[in-house]
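Report on one structure; see the data block that follows.
The values are calculated or read from the model by the stated rules, or taken from the named source; none is laboratory data. All figures in this text were calculated on a predicted structure; none of them were measured in a lab. When we count neighbours, we look across all protein chains shown, and the Cβ atoms used for this are built from the backbone with ideal geometry, even at glycine. Just so you know, the surface numbers come from the protein's heavy atoms only, side chains and all, with ligands and any DNA or RNA stripped out. Shrake-Rupley method; radii C 1.70, N 1.55, O 1.52, S 1.80 Å.
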Amino acid sequence: MVLPGATLGVMGGGQLGRMFVHAAQRMGYFTAVLDPDESSPAGRVSHWHVRSDYLDELGLAKLCGHSDAITTEFENVPAAALARLAEHRPVSPAAAAVAIAQDRAEEKAHFTRCGVPCAPHAVITGEDQLAAIGDELFPGILKTARLGYDGKGQVRVTSRADLPAAWESLKRADCVLEKMLPLAFECSVVVARGADGVMVHLPVQRNLHRGGILAVTEVHEQCVPAALGLRAIEAAKAIAEGLQYVGVLCIEFFGLEDGSLVVNEMAPRPHNSGHWSIEGADVSQFELQVRTLAGLPLVQPRQHSPALMLNLLGDLWFPAGAANARTPDWASVLTLPGTHLHLYGKTEARPGRKMGHLTLTGPTAASVRETALDAAQRLGIEAF
Ligand code: ADP
Ligand code: MG
């Protein structure tokens, strides 16, 4: 066990690292962040900030020097860097699990091994494979196997004729072509697994994406059909167990129009769709990350309030296509009851950039939704 008073290190200085640092510090830990950016959201609030590339030997040695145990907040941290750190310090999640989550082809193979169905797909690693792809995968989505996020590295492919140009546009990278599925809704489950195999989870979260980016997460008892929610939780646990995972893992699912459940992808870290848990549950996903990393006991989190999260993207700084950034009217949304404003301290707003989020809690799911719609309108977020 790494007890409070020790230092927890994190690879990556984005908003997830920042919220991890906040949770760790609240519990009496010191923190160290490795990120090349001098104004990274987590680096700015951490006791130590090692400014280096993720694979820089000196930087990794410095992070080890500060830290008693190390985690990651950024799924594209090279698995090799985690493996290097693990030679000197306890590291979770393990490099091997992160490596699987970094590759859509391997990730899907893992889901299948765990008995959880994913979208029909084909792996593309060379030109000769394009012709061999079955007709049943069209219309589809071509996704780069690695380094995609927030809908980046994806192209929709209406028919076979579009495939060569689509693959060309992704620079002939290794890809997965997935059949386009008729989605009724999207949801996700955050699970945490300790080194002793104990697993706990947050309730099922219903997610709305716009343009491939998470826009809204809603969490309350009826947010997805109950039987499907239970299946998602069981599937998430099977996937974590199959990896012998230690840490926080988020699994994204599709609920299809025919009532079936399909797994989409996983993130080996806390997830945007779990941010509501900071105010809506008695243990947040970031405290779960601290507990799993430090080897502290895991207890099942209890949601104590219906919750809804609105992502605050950089677009809100440019109303009606304004040329110059303008700060959204925070004071106006803070007059509404049950609003919790999170801003990540990023200096420059850009369209599509995650600048912060707003969580709403309240006595009933209906009242939370009503207040959230009001907040959305005040901020210029499209109704949902
Ligand atoms: P990212 O890594 O960018 O989050 P995802 O694979 O999760 O990539 O895709 C982003 C979004 O695109 C999904 O949340 C979903 O809305 C949509 N999408 C992805 N794959 C499919 C699919 N096979 N069928 C229908 N919609 C999809
Ligand atoms: Mg996704």
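Taking region 205-234 as the region of interest, how many residues are within 16 Å of ligand 2 (Cβ to nearest atom) and on the phi < 0 side of the Ramachandran plot?
So the count comes out to 12.
Give Ala267, Ala184 a once-over and let me know the one that is of a type in the set (Gly, Ala, Ser), touching a Leu at 6+ places or on another chain (Cβ under 8 Å), under 21 Å from Leu310 (Cα atoms) and open to solvent by 10 Å² or more (accessible area, probe 1.4 Å).
Of the residues listed, the single one that is of a type in the set (Gly, Ala, Ser), touching a Leu at 6+ places or on another chain (Cβ under 8 Å), under 21 Å from Leu310 (Cα atoms) and open to solvent by 10 Å² or more (accessible area, probe 1.4 Å) is Ala184.
Do you know which residues across region 1-36 are of a type in the set (S, T, N, Q) and not in a strand (DSSP E or B)?
Of everything in region 1-36, those that are of a type in the set (S, T, N, Q) and not in a strand (DSSP E or B) turn out to be Gln15, Gln25.
If you go through region 37-65 one residue at a time, how many are open to solvent by 60 Å² or more (accessible area, probe 1.4 Å) and touching a Ser or Thr at 6+ places or on another chain (Cβ under 6 Å)?
1
If Leu249 passes every condition in (1) away from ligand 2 (no atom under 16 Å from the Cβ); (2) part of a strand (DSSP E or B) but one, which one does it miss?
(1)
Please enumerate the residues belonging to region 209-229 that are part of a helix (DSSP H, G or I) and either within 15 Å of ligand 1 (Cβ to nearest atom) or closer than 30 Å to Ala294 by Cβ (or both).
Gly229
Residues of region 117-148 being in a loop (DSSP other than H, G, I, E, B) and away from ligand 2 (no atom under 16 Å from the Cβ), which ones?
Hits for region 117-148 are Pro117, Pro120, Thr125, Gly126, Glu127, Ala132, Ile133, Gly134, Phe138, Pro139.
Kindly establish whether Val98 is within 16 Å of ligand 1 (Cβ to nearest atom), closer than 30 Å to Ala349 by Cα and part of a helix (DSSP H, G or I).
Here the answer is yes, as Val98 does meet what is asked.
State yes or no: is Lys152 of a type in the set (Lys, Arg), within 23 Å of Glu106 (Cβ to Cβ) and out of contact with any helix residue (DSSP H, G or I) (no Cβ under 6 Å at 6 or more places or on another chain)? Give the derivation first.
Numbers: of a type in the set (Lys, Arg): yes; within 23 Å of Glu106 (Cβ to Cβ): yes; out of contact with any helix residue (DSSP H, G or I) (no Cβ under 6 Å at 6 or more places or on another chain): yes.
Considered against the rule, which asks whether it is of a type in the set (Lys, Arg), within 23 Å of Glu106 (Cβ to Cβ) and out of contact with any helix residue (DSSP H, G or I) (no Cβ under 6 Å at 6 or more places or on another chain), Lys152 comes out as yes.
Could you check region 284-384 for helices (runs of 4 or more DSSP H) lying wholly inside it with 1 or more residues that are touching a Phe, Trp or Tyr at 6+ places or on another chain (Cβ under 8 Å)?
The helices (runs of 4 or more DSSP H) meeting that bar are 285-294, 365-379.
In this structure, does Leu261 turn out to be more than 16 Å from ligand 1 (Cβ to nearest atom) and of a type in the set (A, V, I, L, M, F, W, C)?
The answer is no for Leu261.
Out of (1) without any contact (Cβ under 8 Å) to a residue 40 or more places away in the chain; (2) in contact with a strand residue (DSSP E or B) (Cβ under 9 Å, 6 or more places away or on another chain); (3) at negative phi, the odd one out for Cys187 is which?
Every condition holds for Cys187 apart from (1).
What number of residues in region 66-82 are surrounded by fewer than 20 Cβ atoms within 10 Å (Cβ to Cβ) and either assigned by TED's automatic domain parsing to the domain that holds Ala236 or modelled with pLDDT of 95 or more (or both)?
Of the residues in that region, 1 qualify.
Among Leu142, Leu147, Leu85, Leu163, which is the only one that is within 12 Å of ligand 1 (Cβ to nearest atom) and open to solvent by less than 20 Å² (accessible area, probe 1.4 Å)?
Working: Leu147 fails: open to solvent by less than 20 Å² (accessible area, probe 1.4 Å); Leu85 fails: within 12 Å of ligand 1 (Cβ to nearest atom); Leu163 fails: within 12 Å of ligand 1 (Cβ to nearest atom).
None of the others qualify; the one that does is Leu142.
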